[in-house]
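As structure tokens, the structure follows; a few thoughts come after it.
The values are calculated or read from the model by the stated rules, or taken from the named source; none is laboratory data. Just so it is clear, the structure is predicted and the values come from calculations on it, not from any experiment. Don't worry about glycine lacking a Cβ; one is built from the backbone with ideal geometry, like all the others, and counts go over all protein chains shown. Remember, those area values only see protein heavy atoms, side chains included, never the ligands or the DNA or RNA. Shrake-Rupley method; radii C 1.70, N 1.55, O 1.52, S 1.80 Å.
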Amino acid sequence: MDIAVFQKKKQRMTLFMVILIGLTLLSARMTDFDFLHSVQTLPKALSWMASNLVVTEQALTKMPSILDKLIETIFLSITATTTASVLALLLALMGSHTTKINSFFGSLSRIIASVYRNIPIVAWALILLLSFGQSALTGYFALFLATFGFLTRAFIETIDETSSSSVEALRATGATYFQVVAKAVIPECSPQIISWVLFMIETNIRSSTLVGILTGTGIGFAFDLYYKSMNYHVVCLITISIVVVVIGIELLSNYVRRVIL
């Protein structure tokens, strides 16, 4: 019996790999992708990067303005994440099976979360760009809406995993809805909620670079400006600065997670 199960799994795995390879070859053919040509051009690409993407003394003179744009990007990401997390938590409480007010609001909350979560942040930026133009407000709303959808879904799943025994115990004593949420749900879910918020701050700092290119704000605007002017030495400095900031934020958030979890 075990041999038959093993053979069946092996056949499924083989079939999966054949389908995957077939889809890869089909995609390469449809997009005119040539793997051998890509490998052949790789040395030239690396040579160009080594000669152009180098931080020079002249590029370092732009560091103060780059730091200003980085600080703007960081605070924009944090503001969008924290404000979106508050509204996401309120909607998640209505959407969770544990704390929902009624079925109508529960379904509505899940639909809203699904719609907002599945619209890419680039799409939000382009849509809002038509309404607000190139401004920090456009970047904020793009990050806010994408974060709102993702965190609402994440918070709903987190609240659904809450132990039902503490919730039922409080309800049995005659506790109100808000007392149940404040005394049972939030204390148990708060470590996971904080972890999700920290994760989104990291993600939004990365995403805000692309959003800034579209909305003309933050470090993304500086990157786009120097890239279009072919000042690749400053582009390299901006890229390194973004990587250092993202790694620093990630290390800080990991430390906070270890402390609270």
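For the reader, a short list of remarks on this structure follows.
- Every Cα-Cα pair of the chain was included, and the share exceeding 28 Å stands at 56 percent.
- Residue-averaged [θ]222 nm for the chain, counting only DSSP H segments that reach four residues, each worth -39500 (n - 2.57): -28500 deg cm²/dmol
- The solvent-accessible area of D160, taken with every protein chain present and a 1.4 Å probe, is close to 50 Å².
- Largest GNM mean-square fluctuation among K44, K183, K100, using the chain with Cα springs under 10 Å: K44.
- For the range 59-260: relative contact order, % (alpha-carbon pairs under 8 angstrom, 6 or more apart): 28 percent
- Counting only heavy atoms of the protein chains and using a 1.4 Å probe, E250 has close to 70 Å² of accessible surface.
- Within straight-line reach of K100, meaning a Cα separation under 19 Å, sit the following lysines at least 8 residues removed in sequence or on another chain: K183.
- Choice from R29, R206, R110 showing the highest fluctuation, given a GNM over the chain with Cα pairs closer than 10 Å: R29
- Cα-based equivalent ellipsoid of the range 41-96: semi-axis lengths in Å, sorted from largest, via gyration tensor: 42, 20, 4
- Per-residue SASA entry for T61, accessible area with 1.4 Å probe, Å² rounded to 10: 90 Å²
- Working from label points 7 Å from Cα in the Cα-to-Cβ sense, the F178 to A28 distance is 6.3 nm.
- Protein accessible area in the chain, 1.4 Å probe - carbon and sulfur %: 69 percent
- Set of lysines near K228 by C-alpha distance (under 29 Å), chain-local residues within fewer than 8 positions excluded: K44, K62, K69
- Solvent-accessible surface of the chain, averaged per residue with a 1.4 angstrom probe and all protein chains in place: 61 square angstrom.
- Among M49, M13, M63: highest mean-square fluctuation, GNM of the chain, C-alpha pairs under 10 Å: M13
- Linear extension gain, F105 paired with K228, 0.36 nm per residue minus alpha-carbon span: 39.5 nm
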